[in-house]
Structure formats: C-alpha cells, structure tokens
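The values are calculated or read from the model by the stated rules, or taken from the named source; none is laboratory data. All values derive from a computational prediction rather than experimental measurement. With ideal geometry, Cβ positions are generated from the backbone for all residues, glycine too; neighbour counts draw on all protein chains shown. These area figures cover heavy atoms from the full protein model, side chains too; ligands, DNA and RNA do not enter into them. Shrake-Rupley method; radii C 1.70, N 1.55, O 1.52, S 1.80 Å.
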Amino acid sequence: MGGLVLGLCLKKYASDVRFDIYESAAKLTEVGAGVALSPRIWTIMQELGLEEELVKVTGAVDRAGSDLLFRKGDEAKVIDIVRFHQLHMFHRSMLQRILAEKLDATDRIHFSKRLTSYSEPTSPTEPIVLNFKDGTTATCDIVIGSDGIRSSVRRTMFANLSDESERHGRIEEASRFRAMVEPIWSGHVTYRGLVPASDLSEELRQFASTPQILCGKDRHIVLYPVSGGELVNVVSSVYTLGSGTVYDGPWVETTTSEKVAKLCEGFIPNGVALIKSMREPLCWALHTVPKLTTYIKGRSALIGDAAHAMVPFQGAGLGQAIEDGFVLANILAHSSVALANVSEALKIYDDVRRPFSQTVQQGSECTGELYQLRRAGWENISVEDSAAGRYPPELLSDFEKDAKAQMEWQYDPGASIKGDIAKVLSMLETLSAQ
Ligand SMILES: Cc1cc2nc3c(=O)[nH]c(=O)nc-3n(C[C@H](O)[C@H](O)[C@H](O)COP(=O)(O)OP(=O)(O)OC[C@H]3O[C@@H](n4cnc5c(N)ncnc54)[C@H](O)[C@@H]3O)c2cc1C
C-alpha cells in the first residue's frame, strides 16, 4: 500500500515524473484484517482527495472517525483508562482497492515481477538496472524500495554500502551495514482475524462497536469494527521473552481461535468471546527492521516497512509509509530537482523522514510495554495480582499520562505533517541555490 500511495502522491504533485510499480505477487492481495489510520494520516488522505470514498467504505455515520478507548481488560470488571478521538478504520483490502482505483494506472503496475537486485550507476545520469527473478530487467533513474520488511532494495543497498566500506578498509562499518539487511525478531506474537458481526449476539455486537484496546499483564487485545460494522477486527498480542534471538519457525501461520482464547484466559468474557469467534486466525511472529543508518544511497531510497518495519502497537506502520510517500513526492515535484541533483534531493528525504519514523518505530515498542502492563511500577505485579486488582491505583493514572504522551503525535489536532513539508521546501531552496 505504501507504493500505491507514493504513486498517488506522484500523480498529484509530480505529474512529470513517470513511474512504474513492480509487484512480486500475481495480483493485489491483502491479509483479511483491519488497519486504522490516525488523524495525522487522515489529513494526507484528505489532501489526496480520498476522504469521500474512504468514509463510504468505513460505513462511518460521520466523517470525523471514531473514538479509541484504552481499558484494563484483565479484571472481572473492565476499567476505562483513556480515550483518543478520530480514528478511521478499514478492512485492509478495501483500503487497498480504493488506493488502486484512485491511482488508475493499471498500465504502470507490473505484476509477477520480483526484484532480486539492482545495479548501482557509475555516473549521475546512467540508468539504474532492475533485475527480476524471472530473468528480465528494466531501467529507471530512481529506485524506491517499497517492498516491505524483507526488502530486496534494502538488501542491495546495504550490501553495496558494506562492500564499499570493505574496499576502504573500514571493516567494522562494513559489518554494521551487513547487519541492517535482515529483520529482527521482536519477541511479540500477534494473532489476528475477522469476526462476522452476524455471528455475534446483540450484546457482543454492541460491545464490539466501540474500538478499544483491552490491556492486561503481558497480553492485550485490540478490537474495532470495519466494513460498516459487518466485520470486527480482532488482534491479540502476547509478549514472549525471545526478543533479539532468531525466530525458529514460519513468520505467519494459521492457528485456531481455541488456541488464541487459551492465551487470553482471564480477560473479560466479552473479550474472550470475540477471540473465540475469530474466523481463520493467523499467527504472526512480529519482526522489525533494525534502526538503519540511512534510507538512501545515490539514486535509491527506501520507504515504508522496507525502511522502518515496526511492531504494530501504535497502529502506525502504514501511516509512516504514507508519510514517506507524501514527503518524497513533494520533494520530487519541486522545480529545483532534476536528474543531475536528485541524489542530493533524496538526502533531504532521509534527513526529514528517518529521525521521525525511527522515533515512531522506537515509540511503538514502548507502547507495547504500556498495553501489556510491563512499564515501570508493574514489574512485580503478577498476572494473578493484575487480575485481582492488587496494584497501586496510581499506576492507572500513570498509564493515562504515558498513553497521552506516546500517542499525541498522531491524535493532537495540531500534529500535522504540513510542518515537515514546510521544512522540506526550505531545504530545497538551499538545494536550488547550490
Ligand atoms: C498485526 C498488525 C497490525 C497492524 N495494524 C496497523 C494499523 O492499524 N495502522 C497502520 O498504519 N499500520 C498497521 N500495521 C503495519 C502495516 O501493516 C505495515 O506497516 C504496512 O503494510 C507497510 O506497508 P508497505 O507498503 O511498506 O509494505 P507491505 O505492505 O509489506 O508491502 C510490500 C509490497 O511489496 C511486495 N514485494 C515484496 N518483495 C518484493 C520484491 N522483491 N519485488 C517486488 N515486490 C515485492 C509485496 O508483495 C507487497 O505487495 C500493522 C501490522 C501488523 C503486523
């Protein structure tokens, strides 16, 4: 989806830039799951003229979006902690369909094209050669890797950086670059699935109509309605101690709702009942991309999960891919940017987007600790203590403060990407003066 949004932004802001999207799959597919967009990202959707169509598929009664409620959900009675406003929630495939329809560029999306590597040009104007698994090649002036957590563009970029360092005798630097190719196991296992609302009792349907996060010791459950309330997106995450080790098994596999319900024992009955109702849940061993030292090299750049795949606890990964595409397209659209200086212009993208997205990447980890009651003060509270309400009550006020501090960048009405665009434009002025 990051690639589709970049295409849309290029179409709107940089109509003289010809782009082609190479996709390894034979057609556009998506996991059966939900995805939520925060107010900060919603402003980009509005800028792109997508609001009308998107609101239609959420089925929301008004365009302001829904509230998201954080609750302590592992005691006999649920405790409301804090509420955020204006979240927009989608079935992923519907969001993707709208992005693809709006892009309206079937001739520019090339399916069954798995990139394996690309060649580094030796001069500022020499084309980059893209190599595909099927033996074919294509050429371009700029390659943007929007190819997800196992990105081939990242692999080539960091292998090249590493080789260069090695050639200059900087052996430690070379091995640091090599370490940035492979994703890291986060220690979190997430179970996600959809529940048809028609399978639920009236009481459960009512309960599930409120987007909410049920927090509990070492586990949490996220649930929100999608597709106009016809489906409920249910995600349960469990913390294991395996972070930093190598995950020995498939990253995504099928599981059963009974197995997931077992892991969520002790949560409020409505939460467990929704878990038991999940259809064909998938188990995800969550991986992340290491903190990269750069998102660019020459005329190549990384966006989205390829650059900063993160744990999903701020619901921000796709939003960050969208911000990357928005900023990058605004850079490429600028009148001072041409083939001869595009690598300089990409440095502005790296300067603006890398610190921000890496702060979100890091923040998402902390938010996981918050949801799973693993932050300072909770260390000695066991699952049983938490369930029995045996913890200092001020820990819930701390939770509220922490949640606001961690999430306000997405929800604060003043939090806008327009400031970043202004910064980019002023940096581009310096570029044109060079
Ligand atoms: C449980 C969970 C819940 C989440 N919830 C949210 C949420 O609520 N809000 C949010 O903003 N984010 C959320 N995210 C994160 C979000 O899903 C990702 O950050 C987002 O999908 C990244 O988009 P992307 O386009 O960068 O990469 P991807 O979605 O991974 O897309 C990469 C594309 O590249 C293609 N590809 C891969 N390799 C190649 C190759 N070599 N050649 C050609 N094509 C290739 C793939 O087929 C795919 O189409 C969640 C993630 C998880 C796991």
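Just for helices (runs of 4 or more DSSP H) wholly inside segment 203-319: which have at least 1 residues that are more than 11 Å from the ligand (Cβ to nearest atom) and hydrophobic (A, V, I, L, M, F, W, C)?
Details: elements: 257-263, 269-276, 305-308.
Ranges flagged: 257-263, 269-276.
Out of SER66, SER146, SER117, SER112, report the one residue that is modelled with pLDDT of 95 or more, within 15 Å of the ligand (Cβ to nearest atom) and buried (at least 19 other Cβ atoms within 10 Å of the Cβ).
On the way: SER66 fails: modelled with pLDDT of 95 or more; SER117 fails: buried (at least 19 other Cβ atoms within 10 Å of the Cβ); SER112 fails: buried (at least 19 other Cβ atoms within 10 Å of the Cβ).
After ruling out the rest, the residue left standing is SER146.
Under the condition of being within 25 Å of the chain's Cα centre (by Cα) and without any contact (Cβ under 8 Å) to a residue 24 or more places away in the chain, which residue from segment 323-361 is surrounded by the fewest Cβ atoms within 10 Å (Cβ to Cβ)?
PRO355
From the residues in segment 234-278 that are over 28 Å from GLU182 (Cα atoms) and touching an Asp or Glu at 6+ places or on another chain (Cβ under 8 Å), which one is surrounded by the most Cβ atoms within 10 Å (Cβ to Cβ)? Don't jump to the end; show me each part of the working.
Applying the first criterion (over 28 Å from GLU182 (Cα atoms)) to segment 234-278 yields 234, 256-278.
Among the residues that remain, those that are also touching an Asp or Glu at 6+ places or on another chain (Cβ under 8 Å) are: 266-268, 270, 272, 276-277.
Values: GLY266: 18, PHE267: 25, ILE268: 21, ASN270: 20, VAL272: 20, LYS276: 15, SER277: 21.
This residue is PHE267.
From the list LYS12, LYS72, exactly one residue is in contact (Cβ under 8 Å) with a residue 12 or more places away in the chain, away from the ligand (no atom under 13 Å from the Cβ) and crowded, with 17+ Cβ neighbours inside 10 Å. Which is it?
Of LYS12, LYS72, the one residue that is in contact (Cβ under 8 Å) with a residue 12 or more places away in the chain, away from the ligand (no atom under 13 Å from the Cβ) and crowded, with 17+ Cβ neighbours inside 10 Å is LYS72.
Under the condition of being under 21 Å from the mean Cα position of the chain (by Cα) and open to solvent by 10 Å² or more (accessible area, probe 1.4 Å), which residue from segment 214-233 is modelled with the highest pLDDT?
VAL222
Scan segment 34-44 and give yes if some residue there is in a loop (DSSP other than H, G, I, E, B), open to solvent by less than 20 Å² (accessible area, probe 1.4 Å), touching a Leu at 6+ places or on another chain (Cβ under 8 Å) and not acidic (Asp, Glu), otherwise no. Working first, answer last.
Taking segment 34-44 and keeping what is in a loop (DSSP other than H, G, I, E, B), we get 38.
Filter once more, keeping what is open to solvent by less than 20 Å² (accessible area, probe 1.4 Å): 38.
Restricting the remaining residues to those that are touching a Leu at 6+ places or on another chain (Cβ under 8 Å) gives 38.
Checking which are not acidic (Asp, Glu) leaves us with 38.
Yes: one or more hits.
So which residues in segment 181-193 are open to solvent by 20 Å² or more (accessible area, probe 1.4 Å) and farther than 13 Å from TRP284 by Cβ?
GLU182, ILE184
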